[in-house]
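Input: a single structure, listed below in structure tokens.
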Amino acid sequence: MSQSQSDDLGIKPIKKLLVQQAVPASIGILILSIYGIVDTIFVGRWVGSMGIAAITVVMPITFFIASIGMSIGVGGASIISRAFGSGSRSKAQLTFGNQVTLTILLALVVVILGSFFQEEVLRLFGGKGKILEPAKIYFQILLLGVPFLAWAMMFNNVMRAEGQPKVAMYTLVTPAVANIILDPIFIVGFDMGIAGAAWATTLSYMASASYAIWYFLSGKSELSFKLSSFRLQSPIVKEIFAIGIVTFSRQGAISLLSIVLNNALFSYGGELSVSVYGIINRVMMFANFPVLGLTQGFVPIAGYNYGAKKWDRVKKTIYTSISAGTGIALIIFTGLMLFTTQLICIFTSEADLIQQTIPAFRTIFLATPLLAVQLICSAYFQAIGKAVPALFLALTKQGFCLIPLLLILPNILGLEGIWWAFPIADILSASICFGYLRYEMNRNLLREKVLV
């Protein structure tokens, strides 16, 4: 049998593989984050601060629904990577078919439920006061595109699992480019305001899903749409959910965080503080793209070599990824601190909004250099199919550290307590994640000599 793309993950040098896997993923995330920035710029400039606040409220809800597809994608991708590593192509194909069925069924169910409880959900996520009406307009339209986003996110992970990072990148590039083109047309040209932003985003999600479907129908993938693999198999479904629950729980924690955070911001700073975080969140998506891309590139390499029992390569992948990610994060941190005001002014010209955002921005990003440690340590356990530690580490920052801090610190420090909760949570979660990884590696050394 000829060597496939996935087999390269167990042969090529780790550094070269990380570059091959991480660069396309990083570019995809970069373009996706640029779309988010452009979207916020147009809304901020042509709708105003309440438009930014509306997007800040709605996006966590839509991404929570879309995380169903992402979770199924990550769970199935872990199985597929290990199946390719062990030479079990039939299991990889069966897993892919089950992923398709699960994504369609679950995404539609959740979207239907969301459509019946729109206002209640928006209020829960902080859609109060002047924010509620534009949030309702945005959410109603965006719901139409969420199943397509879930579909695209599932396929994106499968593409990386079979060693096709460039193709996976295109699933992220397609909606970003489409949105950047459509935003000025709908928001400015058609003067549709927040509704225009929603339609631009919805159509871009549809474009991404269409590209993914074309790829798997084109015959270029090692996997294909086979009716025989669409029938759900209990062992496969259980394994997908056992691993994918990590991603879903992380997104669930982020959604719970959004509920706590947006309500705290509204209580301690009003609608304008929600807009402040909306700007910071958009910059965060952009600033973190290289480390997020590195993490995505790390997962299939670690998963394949673990499945192939190449323990030395697994260990090298971990430490190379953490070292490279930390170096990148230090560079990002320096840029954020030097160009804070310039970055904020991209989104708005409102003096009050700029003035409030600058100190909050600098505080929230203080622990940026620790980002790679958090992400790589959690991703490792997910890549090798160990769901319990992966779930624990995935929930460490948002669930175990940040949410409790957001409930405690504002009572002591007011609005400042909300901003300081972020770097404190980063420091605590990075320490826990790295400590747990070292503990597991030492235990494996003593029991099985797996990683040394």
Set of aspartates and glutamates with alpha-carbon distance to Lys226 below 18 Å, sequence-local pairs under 8 removed: Glu162
Between helix 311-338 and the chain: long-axis angle, C-alpha atoms, 0 to 90°, nearest 10: 20 degrees
Debye log10 I(q)/I(0) at q = 0.09, 0.10, 0.17 Å⁻¹ for segment 33-182, Cα point scatterers: -0.35, -0.42, -0.98
Using alpha-carbon coordinates, inclination of helix 132-142 to the longest axis of the chain, degrees: 30 degrees
Using alpha-carbon coordinates, inclination of helix 89-116 to the longest axis of the chain, degrees: 20 degrees
When each of Lys136/Lys166; Lys128/Lys238; Lys91/Lys166 is checked by Cα-Cα distance, pairs over 32 Å: Lys136/Lys166; Lys128/Lys238
Stokes-Einstein D (µm²/s) once Rh is taken as the Kirkwood radius of the chain over alpha-carbon pairs, at 37 °C in 0.692 mPa s: 148 µm²/s
Percent RCO, i.e. relative contact order, over segment 115-176, from Cα pairs under 8 Å lying at least 6 residues apart: 22 percent
Radius 15 Å from Cβ of Thr95, net charge of other residues (Lys, Arg +1; Asp, Glu -1): +4
Student exercise, segment 6-447 dipole from Lys, Arg, Asp, Glu Cβ charges, in Debye to nearest 20: 1760 debye
Relative contact order, percent, the chain [alpha-carbon distance under 8 Å, six or more residues apart]: 24 percent
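No lab work stands behind these numbers, since they all come straight from the coordinates. These numbers come from a predicted model, not from an experiment. Note that each Cβ is placed from the backbone with ideal geometry, even for glycine, and that neighbours are counted across all protein chains shown.
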